[in-house]
């Protein structure tokens, strides 16, 4: 059994404006930084054996307060994991969906018709994100049997993690939502390849 803690990073200015935020390495807002500290306190008593983080600083800096406030967590290994990075939004980076709809109507229509398979110009599709997330999870779950694993990541990636561990279809990833600086907990059984959702967006 693996105790999986999935963390969404604290607020950024793009989150405030509801814009597509993927690979741009932006910092958290002051609110985001404070919320990351509060999240660490809410997670008091959860001691991770290993911490995997997206390489982007908003995810790494969200894990920072957790490492600083948890005694045994200070001894956990922090691993920067490229598979946990957010979707590459390519030319749509920093744009809201309403702006995309108004300025790139053809692209927007293609996206809405096939939101899983559509590859954003210069970016990637949701399906491609799901594939890299699945490969990462299938590798680390057996390696960490009997441990608690902390994953510091992004909303889109977190949704794919949740859907895969619960055995759902990729299109069902959109059924889940996590606010900034919240965590989701799943118990994953390596023997049966099934996950149990313990809490969502706490």
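In the range 94-111, which residues are loosely packed, with under 14 Cβ neighbours inside 10 Å and in contact with a helix residue (DSSP H, G or I) (Cβ under 9 Å, 6 or more places away or on another chain)? 102, 109, listed by residue number. For the range 40-55, filtering for residues that are in contact with a strand residue (DSSP E or B) (Cβ under 7 Å, 6 or more places away or on another chain), crowded, with 21+ Cβ neighbours inside 10 Å and over 16 Å from residue 83 (Cα atoms) leaves 2. Tell me, please, whether a residue that is in contact with a strand residue (DSSP E or B) (Cβ under 9 Å, 6 or more places away or on another chain) and closer than 30 Å to residue 101 by Cβ can be found in the range 27-36. No, that holds for no residue. Residues in the range 13-30 that are assigned to a loop (DSSP other than H, G, I, E, B) and either surrounded by fewer than 19 Cβ atoms within 10 Å (Cβ to Cβ) or modelled with pLDDT under 95 (or both): 17, 18, 20, 21, 22, 23, 24, 25, 26, 27, 29. Could you check, for the range 138-145, whether at least one of its residues is in contact with a helix residue (DSSP H, G or I) (Cβ under 6 Å, 6 or more places away or on another chain) and under 28 Å from residue 24 (Cβ atoms)? Within the range 138-145 (the criterion being in contact with a helix residue (DSSP H, G or I) (Cβ under 6 Å, 6 or more places away or on another chain) and under 28 Å from residue 24 (Cβ atoms)), the answer is no, since none of the residues qualifies. Only a single item in (1) in contact (Cβ under 8 Å) with a residue 12 or more places away in the chain; (2) surrounded by 12 or more Cβ atoms within 10 Å (Cβ to Cβ) is not met by residue 117, and it is number (1). Candidates are the residues of the range 152-202 that are more than 14 Å from the chain's Cα centre (by Cα) and assigned to a helix (DSSP H, G or I); the one that is nearest to residue 127 (Cα to Cα) is 170. With respect to (1) touching a helix residue (DSSP H, G or I) at 6+ places or on another chain (Cβ under 8 Å); (2) surrounded by fewer than 21 Cβ atoms within 10 Å (Cβ to Cβ); (3) under 23 Å from residue 201 (Cβ atoms); (4) modelled with pLDDT under 95, the lone exception for residue 65 is condition (2). Inspection of the range 129-151 finds a residue satisfying the criterion of being touching a strand residue (DSSP E or B) at 6+ places or on another chain (Cβ under 6 Å) and part of a helix (DSSP H, G or I).
Considering 73, 83, the condition of being at pLDDT below 95, in contact with a helix residue (DSSP H, G or I) (Cβ under 7 Å, 6 or more places away or on another chain), under 25 Å from residue 145 (Cβ atoms) and not in a loop (DSSP other than H, G, I, E, B) is satisfied by 73 alone.
Looking across 159, 139, one residue alone is free of Cβ contacts under 8 Å to residues at least 24 places away in the same chain, within 27 Å of residue 191 (Cα to Cα) and surrounded by 18 or more Cβ atoms within 10 Å (Cβ to Cβ). It is 159.
Filtering the range 39-57 to residues that are farther than 17 Å from residue 187 by Cβ, assigned to a loop (DSSP other than H, G, I, E, B) and within 18 Å of the chain's Cα centre (by Cα) leaves 54, 55, 56.
The values are calculated or read from the model by the stated rules, or taken from the named source; none is laboratory data. On a predicted model such as this, the values are computed, not experimentally measured, just so you know. For neighbour counting, all protein chains shown are included, and Cβ atoms are generated from backbone atoms with ideal geometry for every residue, glycine included.
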